[in-house]
1. In region 79-90, what count of residues is obtained for those that are in contact (Cβ under 8 Å) with a residue 12 or more places away in the chain and within 16 Å of ligand 1 (Cβ to nearest atom)?
2. Go through region 12-29 and give me each residue that's out of contact with any helix residue (DSSP H, G or I) (no Cβ under 8 Å at 6 or more places or on another chain) and either modelled with pLDDT under 95 or within 16 Å of ligand 2 (Cβ to nearest atom) (or both).
3. If only one of 121, 131 is closer than 26 Å to residue 45 by Cβ and either within 13 Å of ligand 2 (Cβ to nearest atom) or buried (at least 21 other Cβ atoms within 10 Å of the Cβ) (or both), which one is it?
4. Do you know which residues across region 150-170 are surrounded by fewer than 16 Cβ atoms within 10 Å (Cβ to Cβ) and either outside any loop (DSSP other than H, G, I, E, B) or touching a strand residue (DSSP E or B) at 6+ places or on another chain (Cβ under 8 Å) (or both)?
5. Take residue 174 and tell me if it is out of contact with any helix residue (DSSP H, G or I) (no Cβ under 6 Å at 6 or more places or on another chain), surrounded by 14 or more Cβ atoms within 10 Å (Cβ to Cβ), free of Cβ contacts under 8 Å to residues at least 24 places away in the same chain and farther than 27 Å from residue 16 by Cα.
6. Any residue at all in region 242-262 that is within 14 Å of ligand 2 (Cβ to nearest atom) and part of a helix (DSSP H, G or I)?
7. Is at least one residue of region 61-76 over 24 Å from residue 189 (Cβ atoms) and either within 16 Å of ligand 1 (Cβ to nearest atom) or in contact with a strand residue (DSSP E or B) (Cβ under 6 Å, 6 or more places away or on another chain) (or both)?
Ligand code: DHB
Ligand code: FE
């Protein structure tokens, strides 16, 4: 059976792509953000994943407002990035792990998550930038399965539902007949609001409480409905649902391996965590 090696959760701000392209990692603005990553690279050397299951939210590249699945799973042989208008370089294509894609789709539908299966799919900055942070060479050593959760167009799935989705994905990965080592990635958040009267809103107290909860009380955030999450984390801060799904995939108990938190990157509170299933 496949082995779930752990989860990495991170923000996915487009400006990261520009910082990478311009080699600004040691620039005073960027250093506190990029300094969070070498421990993740050392952990990846030990964890040696073959496959990454990536919980992320598409922002309009693959799904637009006319067709917006709540949950979508990629089942493509290859995933390409494209220009989203942020002025950041495109990254090399990702190879899909189609056997795991179809295994997940079957297991999720069996578990009554009526997912949209996507045999063609582009992946946006929420997928590509975290991958580029994990693997700076961009010679991707893992195959991928994208799992897309709508946080762009209301109504959004609840925190409780996203937690349950993550649990079902974790169970399915562990039941996958393969000797692959599987990494789960959750991208988005933490608190940010890009538009409206509260543009620029960041809530450090909430973010730190949320990160702590993932280690010791992972269902904590499921007490909040979407309106409460928007109030606490900002309209786009609800992207923390990806973190919740990724955490849930690890099972009941985890060990925290590493974390970093820095305010702000662009308009966003950037967070980073590495967790392993507890022995
Ligand atoms: C920013 C953050 C996001 O999560 C995103 O998808 C786009 C932009 C930002 O802070 O600039
Ligand atoms: Fe985003």
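The values are calculated or read from the model by the stated rules, or taken from the named source; none is laboratory data. Just so you know, these numbers come straight off a predicted model, no measurement behind them. Virtual Cβ from ideal backbone geometry, glycine too; neighbours counted across all protein chains shown.
1. 6
2. 15, 18
3. Testing whether each residue is closer than 26 Å to residue 45 by Cβ and either within 13 Å of ligand 2 (Cβ to nearest atom) or buried (at least 21 other Cβ atoms within 10 Å of the Cβ) (or both) leaves just 131.
4. Answer for region 150-170, where residues must be surrounded by fewer than 16 Cβ atoms within 10 Å (Cβ to Cβ) and either outside any loop (DSSP other than H, G, I, E, B) or touching a strand residue (DSSP E or B) at 6+ places or on another chain (Cβ under 8 Å) (or both): just 160.
5. No: the conditions fail for residue 174.
6. The answer is yes, given that some residue of region 242-262 is within 14 Å of ligand 2 (Cβ to nearest atom) and part of a helix (DSSP H, G or I).
7. yes
Conditions (1) more than 16 Å from ligand 2 (Cβ to nearest atom); (2) at pLDDT 95 or above; (3) touching a helix residue (DSSP H, G or I) at 6+ places or on another chain (Cβ under 7 Å); (4) within 19 Å of residue 102 (Cβ to Cβ), marked per residue:
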position	(1), (2), (3), (4)
161	yes, yes, no, no
164	yes, yes, no, no
184	yes, yes, yes, yes
190	no, yes, yes, no
201	no, yes, no, no
205	yes, yes, no, no
211	yes, yes, no, no
214	yes, yes, yes, no
